[in-house]
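S.K.: I'd like to ask you about the structure that follows.
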Amino acid sequence: MRLRHVKHARATISENPQYVISDPIAYKGHWHELFQDNHPIELEIGSGKGKFIYECAKKNPHVNFIGIEKFDSVLIRALEKLLDDPLPNLKLIRVDAENLMDIFAKGEIEKIYLNFSDPWPKKRTAKRRLTSEQFLNRYVEVLENPGTIQLKTDNFGLYQFSMMEFNRHPLYQIEDIRLDLYRHLPTDNIQTEFEQKFVENGNQIFYMKVRFIGSGK
């Protein structure tokens, strides 16, 4: 997918380090100090324009949220939401998810959200999927024990692949599977921008909740 260039996006991001953390590596193991509390920290990987993570933070003031996104042209839209209505419990990071272990210490994250991630449909790019074994091993290094991963997607191929990867991994246990999330929609469901469009177009949404159980399995 080709991303449209957003004029002044990089400059605006650089000018707001109170919202977009410019040196996240410096906070590894110290994110609670940045938030100035001991509330649990939840992470969305690929936060896009920020609708989901922003609404999560607004509805859950006693939870801290971090959204990571690697593209300036997308992250700027999430930043704009914070500039319009600041929230103390939400921070953004412009980074690739491959670098998670450089940014977060063992057990620092309570929950990870994977919302409508790129399915990378070709076999040769399977390692880039956010539920590949390589990424599941990265999550092991940052999730607390027990911790949670929540996945939503409209791509059944990615959903199938994810189910197999979680089942194969000895440190994860699938707790909830929904082949059509909107048949029994949880009252606390918050939509992403993509989700809103997909549902309006009649797309089926697949959901999975997975528990990280450490060495206890």
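The values are calculated or read from the model by the stated rules, or taken from the named source; none is laboratory data. As the structure is a computational prediction, the values presented were derived from the model and not from experiment. Note that each Cβ is placed from the backbone with ideal geometry, even for glycine, and that neighbours are counted across all protein chains shown.
S.K.: Need pairs with beta-carbon distance below 6 Å; first residue under 9 Å from Lys51 (Cβ atoms) and within segment 188-204, second crowded, with 16+ Cβ neighbours inside 10 Å and of a type in the set (S, T, N, Q); sequence gap 6+ or separate chains.
M.R.: Pairs that qualify, where the first residue is under 9 Å from Lys51 (Cβ atoms) and the partner is crowded, with 16+ Cβ neighbours inside 10 Å and of a type in the set (S, T, N, Q), are Thr192/Asn115.
S.K.: Here is a further query. Can you find a residue in segment 156-170 that is of a type in the set (A, V, I, L, M, F, W, C) and exposed (fewer than 15 other Cβ atoms within 10 Å of the Cβ)? It would help to see each step written out before you state the result.
M.R.: The initial filter retains those residues of segment 156-170 that are of a type in the set (A, V, I, L, M, F, W, C), namely 156, 158, 161, 163-164, 166.
Within this subset, residues satisfying the condition of being exposed (fewer than 15 other Cβ atoms within 10 Å of the Cβ) are 156, 164.
Checked segment 156-170: at least one residue is of a type in the set (A, V, I, L, M, F, W, C) and exposed (fewer than 15 other Cβ atoms within 10 Å of the Cβ).
S.K.: How about segment 177-191: which of its residues are among the acidic types (Asp, Glu) and under 18 Å from the mean Cα position of the chain (by Cα)? Spell out how you get there, then give the answer.
M.R.: First, the residues of segment 177-191 that are among the acidic types (Asp, Glu): 180, 188.
Asp188, the sole residue that qualifies.
S.K.: Which residues, taken from segment 61-107, are among the basic types (Lys, Arg) and either in contact with a Lys or Arg (Cβ under 7 Å, 6 or more places away or on another chain) or without any contact (Cβ under 8 Å) to a residue 60 or more places away in the chain (or both)? Lay out the reasoning, then the answer.
M.R.: Quick first cut of segment 61-107, residues among the basic types (Lys, Arg) only: 70, 77, 81, 91, 94, 106.
Lys70, Arg77, Lys81, Arg94, Lys106 - these are the residues of segment 61-107 that are among the basic types (Lys, Arg) and either in contact with a Lys or Arg (Cβ under 7 Å, 6 or more places away or on another chain) or without any contact (Cβ under 8 Å) to a residue 60 or more places away in the chain (or both).
S.K.: Among the residues of segment 186-197, which ones are among the charged types (D, E, K, R) and surrounded by 12 or more Cβ atoms within 10 Å (Cβ to Cβ)? Let's see the steps before the verdict.
M.R.: Step one: filter segment 186-197 for residues among the charged types (D, E, K, R), giving 188, 193, 195, 197.
Scanning segment 186-197 gives Glu193, Glu195, Lys197.
S.K.: Mind checking which residues of segment 115-140 are in contact with an Asp or Glu (Cβ under 9 Å, 6 or more places away or on another chain) and at positive phi?
M.R.: The one that is in contact with an Asp or Glu (Cβ under 9 Å, 6 or more places away or on another chain) and at positive phi: Phe116.
S.K.: Being loosely packed, with under 15 Cβ neighbours inside 10 Å and at pLDDT below 95, is that true of even one residue in segment 55-65?
M.R.: Scanning segment 55-65 turns up no residue that is loosely packed, with under 15 Cβ neighbours inside 10 Å and at pLDDT below 95.
S.K.: Among the residues of segment 1-17, write down those that are loosely packed, with under 12 Cβ neighbours inside 10 Å and either closer than 20 Å to Ala97 by Cα or modelled with pLDDT of 95 or more (or both).
M.R.: Met1, Arg2, Leu3, Pro17
S.K.: Given the conditions (1) over 29 Å from Asn201 (Cα atoms); (2) touching a residue at least 60 places away in the same chain (Cβ under 8 Å), which single one is not true for Phe116?
M.R.: (1)
S.K.: Take the residues in segment 198-209 that are modelled with pLDDT of 95 or more and not in a loop (DSSP other than H, G, I, E, B), then tell me which one is surrounded by the fewest Cβ atoms within 10 Å (Cβ to Cβ).
M.R.: So the residue we want is Lys209.
S.K.: When you check Asn145 against the structure, is it in contact (Cβ under 8 Å) with a residue 24 or more places away in the chain and of a type outside the set (Ser, Thr, Tyr), yes or no? Reasoning before the result, please.
M.R.: Numbers: in contact (Cβ under 8 Å) with a residue 24 or more places away in the chain: yes; of a type outside the set (Ser, Thr, Tyr): yes.
Taking the combined requirement at face value, the residue satisfies it.
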